[in-house]
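The values are calculated or read from the model by the stated rules, or taken from the named source; none is laboratory data. These numbers were taken from a predicted model, which means no experiment stands behind them. Every residue, glycine as well, gets a Cβ built from its backbone with ideal geometry; the counts of neighbours run over all protein chains shown.
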Amino acid sequence: MQSVASPGRAASVQLRSLAAVLVAICGVLLTLSVIDEVNFSSMRMGVFLSEQDNAVIIEAVEPDLPAQAAGLAGGDRLLAIEGQPVPTLVELNRVLDQHGKDGEALSLEVERAGEVLRLTLTPGVSADINRLLGQIVLVAAYLGLALLAASHQHKDMRARLLAIFVGIIAIELALPGTRTFGAAAAYGTLFFWMLTTGIQFSLELHMVSLIPSRLPLLKRHPRLVILYYVAGAAASAVLLWLAVSELLLFPDPEINRLGAAEDVMMVGWATLVTLVLVRQLARAGSARERNQTLLVLVGLTPWVVYVLLTTFWSGWAVLDQAWTEPIENIVLLFFPAAVFVAIFRYGLFDVESFVRRSLVYGTVTVLLIVLLYALLTAALPWLSEQVGSDLAHWVITAGALMIGALFRPLRHGIEQAVEKGLFPERSALRKRLIEIAGALSQENSLEALTRRLASDTRSALHVDWSAVVAIDATTRAVHSAICPDSAETHRARLTGLLDTQSGAFRGLARLRKTITVSRLGKHQPEAARALAAMGAEALVPLYFQRRMIGILCLSTKRSGELYLREELELLDLFSHQIAASLENLRLFQDATYEELTGLLRREAVLRRLQIEAARSARNGSELSVAMIDLDRFKEFNDAHGHLFGDRILEQVASAMQTRVREVDALGRYGGEEFLLVLPNTGESGARRVAEALRQSVSELQLTAPDGQSGIHITISVGIATASEQTEGAHTLARELIRRADAALYAAKRAGRNRVVFHDGSIDPEDPAAV
């Protein structure tokens, strides 16, 4: 049989495939980078060359490298190598390819101040392991960020754009230097950079246009986003054409239109993205949206500063590339990291505390890692003297890898230390909530438990008021408490807003986690507005075994501060302990369900009927009751025994449970009789439910204990619906049972296995009628 994969599984497989391809590409490129570095270091001399007037000129000599050791100096004119003239750089490369072997001394002829000197130079230095490690770590960081974003790309368009954006940067950073792979590889790398520059421009502009939400212009005209990619493609085309023109078709060292075009594009790029984010910040409608946009703007700022420095400050060009290149690569990481945090860690809470703690965690961790790497680097010369250069590099590399392996536990330890030292309020709140949950188990009544919970949470969270609505999972009865007592006027209103029929209850049942009232507004706007009008700010659903048995409602804080995400998360964890205490107490007070059938006990279903009758009498809502009786049950009992009779009851109860709604109450009334309470249900709805029950029972396939004969079970159902006349709750409940009972016996008299509705023609007081 051929199976069909679910969309989620297919997306997961696709994600893993794309991740494997991206990692493989970066792995190949990093391998080539290592090869390039090893080859280059084996022939490195330490000179900067230029070609002037058919001569190769030594512009500068790097310190502590073979060229300086050989006696070369800036301004020398290189005449010949191994007796072969080298008037051009092309000829120089040809001669070096023949003679520039690792460790092989070269005989040079240079002209200095009109005098010809003969010098001996031995090319080759140790490979720059630190640079390679830095490149690998940086590529791994970008890869990790790309894969994290890709794992959420099916939920958020911004994540998809971010994953592509960071993935391209990872590939760029993994590209080898192409110092030893020839001119074609060098040109290919340059052209690839120009092509991806336009793509990154389009992706970044698209991303900021969606943070915190889509620009109004794009909402009105969604297709305008195509212009972003047209502009990026045009920029790439211009850069590619200028590169081909100046490097291949019309080379002219005096003209640098390509560099000027790159400067203009980068400044325009930085300006445009900044303006879009400033516009997004100005139109943000809430503190959450403003902070989210501001976080991205802060992450963009280092890159903007870098672009302005490299474009307008001439001193940047003369700085040591060993410092400027890592700075550039790290600066580029700030923006995508900020976008990722803004999308996935910020969405539902005030970011101020998160940024504050994350800044501390990040700063302390980075400083510690930098210190460890600095110690490794400082130890390299001493270790080289002790064990040799090659072994020293391997030891340092192993140490660097060990630091990487210890990063996660190291950060966890730092996080715990920082939490206790700098953010004691979080630890204090966690401790207080644990104490509250433990104290609840000491209460011996539902009323006392809810009152204590409301009082303790109000004190712990410093809110104006706290309310608890406990919902009986069996009868759907609602019990509530509020603290302080001065807010008692809110209690009845909150009870109505949070009962099982309310929009707030349905919204929480859908989200199944602690939320703010503003978040509820996205799903149940009317309920959220009503709760907000009363000053409610946070809602904590109390779940026990997948059933919501209560709601903890918290007002705004007395300080006026928003609820932080960490507080909502702690309340979510706290809610499970509360729910367990609540349910354990309820089970201790009243064993509600029957063990045999799993249905409500007689007392519980009658209690539920009383509550629904009171609701119907108060609100005029529809209410129906069905009395259900197994046909010829005594005959089955007498013929096959009581154990088989119990089995029949169990099977019938199970079949009927599958056809009733969650809001309905089905209980065993006595013997083989059952009572079904149908809130908000009129005659037609009650008929449909009763007929569904009758049919489901009729379809049961039971075999007698002798294994030879089949048993056909049927039920008779009598239905009664509340009349439009206003009646007291107790009277209404009793009258519904009497009418439904009369209809049930009418069904029996009419031949059984049928549904009869009490339409007023049956007199429950007349025995002859039944």
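Structure summary
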read-out: Lone qualifier among Ala604, Ala639, Ala613, Ala579 - being part of a helix (DSSP H, G or I) and either of a type in the set (Lys, Arg) or modelled with pLDDT of 90 or more (or both); value: Ala613
read-out: Enumeration of residues in the stretch 480-503 that are under 35 Å from the mean Cα position of the chain (by Cα) and in a helix (DSSP H, G or I); value: Leu494, Thr495, Gly496, Leu497, Leu498, Gly503
read-out: Filter result for Val125 (surrounded by 16 or more Cβ atoms within 10 Å (Cβ to Cβ), out of contact with any Phe, Trp or Tyr (no Cβ under 7 Å at 6 or more places or on another chain) and at pLDDT 85 or above); value: no
read-out: Filter result (surrounded by fewer than 18 Cβ atoms within 10 Å (Cβ to Cβ), hydroxyl-bearing (Ser, Thr, Tyr) and farther than 26 Å from Asp646 by Cα) within the stretch 580-629; value: Ser621
read-out: Residues of the stretch 217-263 classified as at pLDDT below 85 and among the basic types (Lys, Arg), total; value: 1
read-out: Among residues of the stretch 128-161, those that are at pLDDT 80 or above and among the hydroxyl-bearing types (Ser, Thr, Tyr), counted; value: 1
read-out: Residues that are at pLDDT 80 or above, under 25 Å from the mean Cα position of the chain (by Cα) and either buried (at least 16 other Cβ atoms within 10 Å of the Cβ) or outside any helix (DSSP H, G or I) (or both), drawn from the stretch 553-576; value: Tyr563, Glu567, Leu568, Leu570, Leu571, Asp572, Phe574, Ser575
read-out: Any hit, the stretch 401-417, residues being among the aliphatic types (A, V, I, L, M), assigned to a helix (DSSP H, G or I), touching a helix residue (DSSP H, G or I) at 6+ places or on another chain (Cβ under 9 Å) and at pLDDT 75 or above; value: no
read-out: Those residues of the stretch 524-552 which are assigned to a loop (DSSP other than H, G, I, E, B) and modelled with pLDDT of 80 or more, in sequence order; value: Gln524, Met534, Gly535
read-out: Residue tally, condition more than 25 Å from Ile611 (Cα to Cα), at pLDDT below 85 and buried (at least 19 other Cβ atoms within 10 Å of the Cβ), over the stretch 442-486; value: 1
read-out: Which listed residue, of Thr196, Thr180, is assigned to a loop (DSSP other than H, G, I, E, B) and polar (S, T, N, Q); value: Thr180
read-out: Cross-chain or 6+ apart pairs with Cβ under 6 Å, the stretch 435-460 first and under 18 Å from Asp485 (Cβ atoms), then of a type in the set (S, T, N, Q); value: Ala454/Ser466; Thr457/Ser466; Arg458/Ser466
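Yes/no per residue for (1) of a type outside the set (A, V, I, L, M); (2) assigned to a loop (DSSP other than H, G, I, E, B); (3) touching a residue at least 24 places away in the same chain (Cβ under 8 Å):
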| position | (1), (2), (3) |
| --- | --- |
| Ala73 | no, yes, yes |
| Pro87 | yes, yes, yes |
| Leu92 | no, no, yes |
| Val95 | no, no, no |
| Leu117 | no, no, yes |
| Asn130 | yes, no, yes |
| Ala141 | no, no, yes |
